[in-house]
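Working notes, beginning with the structure itself.
The values are calculated or read from the model by the stated rules, or taken from the named source; none is laboratory data. No experiment lies behind these values; they were computed from the predicted model shown. Cβ coordinates were reconstructed from backbone atoms using ideal geometry, including for glycine residues, and neighbour counts include every protein chain displayed. Surface accessibility is based on the protein's heavy atoms, side chains included, excluding ligands, DNA and RNA. Shrake-Rupley method; radii C 1.70, N 1.55, O 1.52, S 1.80 Å.
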Amino acid sequence: MTDSLHPPMSAATPKRTLTERLGNELSFVPVAIGLVALFFFFATQSDVFLTSRNLSNLMVQSTVTGIIALGLVFVLLTGEIDLSVAAISGVASVFMAKIVMDFGLPVPLAILAAVALGGLVGALSGRWITLIGVPSFVVTLGVGLVLNGIQLLLLPRTGRYNLMNSGVDKLAATHVTGVLAWGLILGAIAIFALVLGSTWRARQRAGLDASFHGGVLLPVVVVAAFLIGMLMFLENQRGLPMPVILFLALLGIMSYITSETRFGTYLYAIGNNAEAARRAGIKVDRIKIIAFAIAGSMAAFGGILSASRSLGVSVSSGGGVGGGALLLESIAAAVIGGVSLFGGRGMVVGALFGALIIATVSNGLNLMGVANEARLIVTGLLLIIAVSIDRGIEKLARPGS
Amino acid sequence: MTEPILSLRGVSKSFGSIKALSNVSLDLEPGKVVALVGDNGAGKSTLVKVMSGVHRPDSGQYLFEGREVHVSNPAEVADMGVQTVYQDLALCDNLDAVQNLFLGRELTGPWYTGFRVTRAASERRAKEVLRRLRLDSISLTRNVGAMSGGQRQNIAIARSILWEPKVVLLDEPTAALSHSAAEQVGDLVRELASHGLAVLVISHDIHHFVLDNTDRIEVLRLGRNAASFNSGDVTGEQVVNAMVGGNEAVNMAG
């Protein structure tokens, strides 16, 4: 390589190794394999596990954690963390219940207001963190406790708002079936194919190497098989549950934002080298504040969904004081899904797989009649294993290994 | 003799009571590579920071294309057509070469795509630039974190010339590199000059880098111009003597 002034052909550029790809766009593959393995395991342990009724439940169970984790990914990518997401979900759901029950606001408006509140809280935390330069885990820990207190203040003396027949309950109870369900699923597949197809065509026109099979056909077939399979399976039950539709729609939008837009590139750049990003003219603080705002509004939406499912809000909404299991499982979902706590690595889709793994462990062990403490132990061990695998891949992708 | 595109005339700069530069002059001509050498504390970095707009000189003139300019910040200097590549490269290891080249200046599609980054157009442009610089062997799609030090240095340099500046300032481009990687950077530096750019290189590597890859060597010592050589008719020893102060060195040796 020393006399490389006139390289013979550009064809000599090195191909990317599998470990490099696993560190980037295939970062979700190990966790997807793990999920399939868990499915096989529980299918052998319980006759009920693979029934459409149970899998429908399992998916709905994963949506609240999944949506909160989805927003959290944005913050994690920039190398920060938000420990107040569970508290935001709690306070936003109580706020929504209060303005619906006490002030009679229409439900859609109340939901919008609560999501906006979550975004505002996130943005303010982000502003404070970037302005003062304090570590985000301390600030958001404090914000979380403050919000826990406000949540208690917002609740009535009874400590609970009952949302049965309030209109809020419809959000989680709605199932989409028939033509509408097929339209949604096929529309989603079409949009996905359009996005990948336009990339492929642009590359081809620009005279760059473009693989139709690897770049369009394979991913579209995999996603289509997953979505159509899910629909056919759930049609036997009651159709597509609304929380699942919302989660998958948000997942699609957020994936597009992180992987295709300028803002998404900046999240990754800041997470890896904030100083380089700043020198490239990126407004680092502003990007971080937006990331916190997205995490806050996703958390609020997760909380609303949770309230709708449990037909009410109370002291324990948002995981209770400190965030409890909801906070830990949301962070675990993102991390199990391959998102690095040190920033700059991971994909939004990891939140889906991470949340599904956590829900699967919980659901499967329940069916096996295993007690709650075992569930915690298994989830904890899975988290450690997932982070270790991730670390291993990262080390392998470094030069000289 | 070509007209200089960037000239400093009698520039001085102090930090408190410490005089970092006194009455320093320097010319950069299109198509020429100038090496800036000197011992630690000789004022090399300060001089580059004056040229890149980080520091304002206390006195003296900054001439660009023959006219005096008063620059107050790095962005202004970059807009004028003077790019600086610092030693730390400022690359994002988790992004590939194309993303790093365009970082902060992405080409994007229309609003209804959510300002989607137009990857194909960026990649084609990056490919052209790298080919022009004979850097075809650099992969466009690998993360730069997985690349060698020489390749990373060259990507940082390629990024600085993506928007077609007239002057490139390189701060210690070979400091952390192996001999063969430094040769790759040397090839690139000469390539830049052959495209008509004025290049300034700070380097400590007199024998393996400076003598082979530059046209002129400017020596700074204790914040002053100490000597100026044509790279073709000087030995490494002469340069080093000028850096450390030849007479004193001889005296100490004797």
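Matching residues to (1) more than 14 Å from chain B (Cβ to nearest Cβ); (2) part of a helix (DSSP H, G or I); (3) of a type in the set (D, E, K, R); (4) closer than 30 Å to A:Asn273 by Cβ:
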| site | (1), (2), (3), (4) |
| --- | --- |
| A:Leu26 | no, no, no, yes |
| A:Leu35 | yes, yes, no, no |
| A:Phe39 | yes, yes, no, no |
| A:Ala43 | yes, yes, no, no |
| A:Asp47 | yes, no, yes, no |
| A:Val75 | yes, yes, no, yes |
In the stretch B:105-134, the residues that are part of a loop (DSSP other than H, G, I, E, B), open to solvent by less than 40 Å² (accessible area, probe 1.4 Å), modelled with pLDDT under 90 and within 26 Å of A:Ile287 (Cβ to Cβ)
B:Gly109, B:Gly114
Go through (1) in contact (Cβ under 8 Å) with a residue 60 or more places away in the chain; (2) open to solvent by 10 Å² or more (accessible area, probe 1.4 Å); (3) within 14 Å of chain B (Cβ to nearest Cβ) and name the single condition A:Leu311 misses.
(3)
Open to solvent by less than 40 Å² (accessible area, probe 1.4 Å) and touching a strand residue (DSSP E or B) at 6+ places or on another chain (Cβ under 6 Å): is that true of A:Gly343 in this structure?
no
Could you tell me whether any residue of the stretch A:208-216 is part of a helix (DSSP H, G or I), within 21 Å of the chain's Cα centre (by Cα) and either among the hydrophobic types (A, V, I, L, M, F, W, C) or more than 30 Å from B:Asp136 (Cα to Cα) (or both)?
no
Extreme residue, surrounded by the most Cβ atoms within 10 Å (Cβ to Cβ), among residues of the stretch A:362-401 that are at pLDDT 80 or above and among the hydroxyl-bearing types (Ser, Thr, Tyr):
A:Ser362
Considering only the stretch A:22-37, state which residues are buried (at least 16 other Cβ atoms within 10 Å of the Cβ) and touching a helix residue (DSSP H, G or I) at 6+ places or on another chain (Cβ under 9 Å).
A:Leu22, A:Gly23, A:Leu26, A:Ser27, A:Phe28, A:Pro30, A:Val31, A:Ala32, A:Gly34, A:Leu35
Somewhere in the stretch B:5-24, is a residue under 26 Å from A:Arg279 (Cβ atoms), open to solvent by 40 Å² or more (accessible area, probe 1.4 Å) and among the basic types (Lys, Arg)?
no
Does B:His204 meet the test of being open to solvent by 10 Å² or more (accessible area, probe 1.4 Å) and under 20 Å from B:Gln87 (Cα atoms)?
yes
Test for A:Gly320: is it surrounded by 24 or more Cβ atoms within 10 Å (Cβ to Cβ) and either within 14 Å of another protein chain (Cβ to nearest Cβ) or of a type outside the set (Phe, Trp, Tyr) (or both):
no
Quick check on A:Ser255: is it within 18 Å of A:Gly337 (Cα to Cα), open to solvent by less than 60 Å² (accessible area, probe 1.4 Å) and either touching a residue at least 24 places away in the same chain (Cβ under 8 Å) or more than 21 Å from the chain's Cα centre (by Cα) (or both)?
yes
Say whether the condition of being open to solvent by less than 40 Å² (accessible area, probe 1.4 Å), modelled with pLDDT under 90 and not in a loop (DSSP other than H, G, I, E, B) is met by at least one residue in the stretch A:170-177.
no
Among residues of the stretch B:96-108 being touching a Ser or Thr at 6+ places or on another chain (Cβ under 7 Å) and at the interface with another protein chain (Cβ under 9 Å from one of its Cβ atoms), the residue farthest from A:Gly197 (Cα to Cα) is B:Phe102
Can you find a residue that is touching a Cys at 6+ places or on another chain (Cβ under 6 Å), within 14 Å of chain B (Cβ to nearest Cβ) and either of a type in the set (Gly, Ala, Ser) or over 18 Å from A:Leu356 (Cβ atoms) (or both) anywhere in the stretch A:245-267?
no
